[in-house]
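The values are calculated or read from the model by the stated rules, or taken from the named source; none is laboratory data. The structure displayed is predicted, hence computed values, not measured ones. Reconstructed Cβ throughout: ideal geometry from the backbone, glycine too, with neighbour counts over all protein chains shown. Areas reflect the complete protein model, heavy atoms only, side chains present, ligands, DNA and RNA absent. Shrake-Rupley method; radii C 1.70, N 1.55, O 1.52, S 1.80 Å.
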Amino acid sequence: MLERHRALKLASERLRDEDGHNPFDIAFEQILSPTEALLDGRRILLFGTNNYLGLTFDEACIRASIAALREEGTGTTGSRIANGTYGGHAALESQIARFLDRRRAMVFTTGYQANVGILPALAGRDDHLLLDADSHASIYDGARLSDAQVTRFRHNDPDDLARRLRLLGDRPGNRLIVVEGIYSMIGDTAPLAEIAAVKRESGAYLLVDEAHSLGVLGATGRGLAEAAGVEGDVDFVVGTFSKSLGGVGGFCASDADDFDLLRLASRAYMFTASIPPATVAGVSAALEAMIRRPELRADLWRNATRLHAGLVRAGFTVGPDIGPIVSVVLPDPGTAMRVWNRLLEAGLYTNLALPPATPGGRSLLRTSVSAIHHPAQIDRLVEALAEIGLDDGLLAPARPAPIVRRDELALVSGQRARSA
Amino acid sequence: MVRCGFVFGHRGQPGHGVTGVLADTIAIDRIAGVIRSFDGTPMAYSGVVTPETSIVRDLRFDSLSVMDFVMAIETEFDVIIPIDRISEIETVGDLAHRLQEQTAGKQG
């Protein structure tokens, strides 16, 4: 039965034959901090996590987790609609709703399940889902599970979105537009103000997945909708606990009437065990920390700016937006593998993203920063990449450094307004 | 945009054959144009594009490129092809027929 994965087998054998590690097969012997780990007995710097605020080792979060572990045990052993809802789950939902200024929120066991649960529950047979082309796999999977008609619009293109809505004309059913705050491969943001304008004109609904943007964008870290000033146009907010909040889990929040009906309409909510109490407590503490400590977001942006500027100055082609994800475009998969491995040899872990899993079929070295990286560590990454780039013939030697623009450096606590 | 004949593009419908063929030819020419200018074409496809040209086999598109290619077609023809219908489209001829259905739907 596994015959049909022949192509995958060939690709993975090719990866194993290359010298060095297989990026899909990395197992850290020990995690030392949000930014360091042991691999092959060596200390390496982690520049390929989603630990944006560095909260996985936060004392308050760990304390809260341990307390819940001791008081409530290792797991709920049940579904949210059976025995799996403890006080902590309900409290976390209220906390999220309050933070996002929404009437209700529901918590799923993973962010993946949030999309796979919410999209089929919201969009039915006569409805239409319009997804950004670069949407995450969980959004595509959720769309596929739903009975709705699904179309994808050109990435970050409000005109193409408007065109498709116009083509749908007055066909019956609801339209639900799905976009992300920050796209996970290239780290670019959606033109949310323009998309919200299209949504208003067409009478469609809008869902924003703030997976990578919660805790990262917006004056209070509510995400891109806050940063773009269009929270009023967003009908459903989806998010995850596995990035800024350092745990695992997902949520959907909304002001919709009868929102709680979705608890009985989402299969990925009902037919799965709920988040263990220790994780609920850790995430709740992380959310509190995020709210109380805006300096975490300021530190993250300082680091993101430093990394982006450094890579641009070195001569690399990176994505259009400054953010915690900075992806370097490389000419082909072989080069990308080689650069990724040489970086790892130099003690720097990053992510590798290869076609066909990447937008536009590009080969990407994806790097990401945390609030708790030291500037010197970021400089180390830039230096090492530049060295490898020069050596590999990717960069021309002795380029005059472009002047780094002031507006690239002057970012205020994660506030990034997009012009309408 | 050329509209003549697009309403009658259904396969196997007697009496509509001639207009159907004309419409197919026009569509296939425009599809060939998209293929030639499409950024994602792994090899510059220099072969002749016929109704039998297989999108996956001959054009060598992987699963993501097929979707991007369909998006380019949607823009060229100003239609929507829902994602779940894409797997039904194997050849350029299938695509031409699908496009006629869509355009017919618009007019109807």
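For region A:41-125, what is the charge dipole size about the Cα centre, in debye to the nearest 20, if Lys and Arg each add +1 at the Cβ and Asp and Glu each add -1 at the Cβ?
Its charge dipole is roughly 260 debye.
Give the long-range amide H neighbours of A:D188: residues separated by 5 or more places, or on another chain, with amide H under 5 Å away, using H modelled in the peptide plane at 1.01 Å from N.
Residues meeting the criterion, in which the H sits 1.01 Å from N, are A:Y183.
Of A:G282, A:G54, A:G319, which has the largest mean-square fluctuation in a 10 Å C-alpha GNM of chain A?
Of the options given, A:G319 has the highest mean-square fluctuation.
Under the definition of Cα pairs under 8 Å and six or more residues apart, what whole-number percent is the relative contact order of region A:318-362?
Relative contact order here is 29 percent.
Any idea which of A:S184, A:P172, A:G223 is furthest toward the positive side of the dipole for region A:163-226, if Lys and Arg beta-carbons carry +1 and Asp and Glu beta-carbons -1?
Comparing the listed Cα positions along the dipole, A:P172 ranks first.
Between beta-carbons, use under 9 Å as the cut-off and find the net charge around A:N115, counting Lys and Arg +1, Asp and Glu -1.
-2
For chain A, modelled as a Gaussian network with Cα springs under 10 Å, which listed residue fluctuates most, A:G48, A:G229, A:G215?
A:G229
Rounding to the nearest 10 and keeping the result within 0 to 90°, find how far the Cα-based axis of helix A:277-292 lies from the longest principal axis of chain A.
80
What percent of all Cα-Cα pairs in region A:247-355 falls into each 10 Å bin, going from 0 up to the bin containing the maximum distance?
Taking all Cα pairs of region A:247-355, the binned fractions are 11, 24, 25, 26, 13, 1 percent.
Tell me which of A:G41, A:G88, A:A68 sits at the most positive position along the dipole axis of region A:29-154, charges placed on C-beta atoms (Lys, Arg +1; Asp, Glu -1).
The one lying farthest along the dipole's positive direction is A:G88.
What accessible area per residue, rounded to a whole number of Å², is obtained for the protein assembly as shown using a probe radius of 1.4 Å?
Here the per-residue accessible area is 45 Å².
Please determine, in degrees from 0 to 90 and to the nearest 10, the orientation of helix A:333-345 with respect to the longest principal axis defined by the Cα atoms of chain A, where the helix direction is its Cα long axis.
70
List every residue whose amide H lies under 5 Å from the amide H of A:R175, counting only residues 5 or more places away in sequence or on a different chain, with H placed 1.01 Å from N in the peptide plane.
For A:R175, whose amide H was placed from the backbone, the distant partners under 5 Å are A:H128, A:Y205.
Compute the helix-to-body angle for A:158-168: its Cα long axis versus the longest principal axis of chain A, expressed 0 to 90° and rounded to tens.
So the inclination is approximately 40 degrees.
Based on DSSP, what percent of beta bridges with both residues in chain A are antiparallel, to the nearest 5?
So the antiparallel bridges amount to about 60 percent of the total.
May I ask you to derive the relative contact order of chain A, considering only C-alpha pairs under 8 Å and at least 6 residues apart, and to give it as an integer percent?
Relative contact order, chain A: 21 percent.
Relative contact order for region A:181-221: what percent, with Cα pairs under 8 Å and sequence separation of 6 or more?
44
Please list 3J(HN,Hα) in residue order for region A:295-310, calculated via the Karplus relation 6.51 cos²θ - 1.76 cosθ + 1.60 where θ = phi - 60°; whole Hz, with x for glycine and proline.
5, 4, 5, 4, 4, 4, 5, 4, 5, 4, 5, 4, 5, 4, 4, x
Only four residue types carry charge here, +1 at the Cβ of Lys and Arg and -1 at the Cβ of Asp and Glu. Report the dipole size of the protein assembly as shown about the Cα centre in Debye, rounded to the nearest 20.
340
Sum up the charges of everything whose Cβ sits under 13 Å from the Cβ of A:A281, counting Lys and Arg as +1 and Asp and Glu as -1, but leave A:A281 out. Don't jump to the answer; show the numbers that get you there.
Values: positive: A:R63, A:R70; negative: A:D58, A:E71, A:E72, A:E288.
With Lys, Arg at +1 and Asp, Glu at -1, the net is -2.
Over the Cα atoms of the protein assembly as shown, each weighted equally, I'd like the Debye log10 I(q)/I(0) at q = 0.05, 0.08, 0.13 Å⁻¹, rounded to two decimals.
Listed by q, the Debye log ratios stand at -0.22, -0.57, -1.39.
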